[in-house]
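The values are calculated or read from the model by the stated rules, or taken from the named source; none is laboratory data. Computed from a predicted structure; not experimentally measured. Using ideal geometry, Cβ is built from the backbone for each residue, glycine included, and neighbour counts are taken over all protein chains shown. Note: areas computed on protein heavy atoms with side chains; ligands, DNA, RNA excluded. Shrake-Rupley method; radii C 1.70, N 1.55, O 1.52, S 1.80 Å.
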Amino acid sequence: MSGNRLAGYIIFVGVAQFVLFMLIAEAIYPGYSVSRNYISDLGNLRLEPSTPHAAVFNTSIMLLGILLIAGGVLLYRSGRDATGRALGALVMASGVGAAGVGLFPEGSPHGLHIIFSLVTFLASSLASYPASLYRGLRTPLWGALGTIGLMALALYVNGIYLGLGWGGMERLIVYPNLLWAAGFSGALLGKEKG
């Protein structure tokens, strides 16, 4: 199995399990609101401590981080040009950020959670650009989704939520990046198969 194909599997599994377990954590968190709660509220050990949502979310996002790091390493190693290496490095950075979000849940000291969240948001959005130019898989779709994530991040940090609430705006950062990563990893699998 080629490094690209293995990276495709690893990234797809990481994204898919995170989406599913994030939904489970939202469902078991009493009174959770996608518009009035941050995604990271799901991992905060001090909010609603009697439910297992934090364990579910933090484990899932750490697994996402580990799998993105592994997928990024494979993409970097198989990168034949600067685009491939940039993609691998940015996917690895996204993974480091995601793992850090789980290791340092919301409310952790020294602002570590915020730093790792920002790394994840920026690196995953920026990674969409080399993904859009990746050999044999060129499409503007992934870059467009990353651009949505970057624009939403700019609005979010300026307190502009477009009537979606801070939780809804945060999802406009995260969901497009999860979508392009799932689509790109699936395309890697399809390209290698054919």
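Search the structure for amide H atoms under 5 Å from the amide H of Arg135, placed 1.01 Å from N in the peptide plane, and list their residues when 5 or more places away or on another chain.
none
Going toward the positive end of the dipole of the range 1-153, with +1 on Lys and Arg Cβ and -1 on Asp and Glu Cβ, which of Val34, Leu68, Leu6 do you reach last?
Most positive-ward Cα: Leu6.
Using only the alpha-carbon atoms, what does the range 92-177 span along each of its principal axes? Please give whole angstrom values in decreasing order.
For the range 92-177, the Cα extents along the three principal axes come out at 44, 31, 15 Å.
Carbon and sulfur together cover what percent of the accessible area of the chain at a 1.4 Å probe radius?
72
Using the Cα centre of the chain as the reference point, and only Cβ charges (+1 on K/R, -1 on D/E), how large is the resulting charge dipole? Debye, rounded to the nearest 20.
The calculation lands at about 700 debye.
Among all stretches of the chain without exposed trypsin sites (Lys or Arg not before Pro) (DSSP loop, at most 14 other Cβ atoms within 10 Å), which one is longest?
139-194
Per residue, how large is the accessible surface of the range 93-194? Use a 1.4 angstrom probe and give square angstrom.
Working: 4560 Å² over 102 residues.
With the other protein chains kept in place, the range 93-194 gives 45 Å² per residue.
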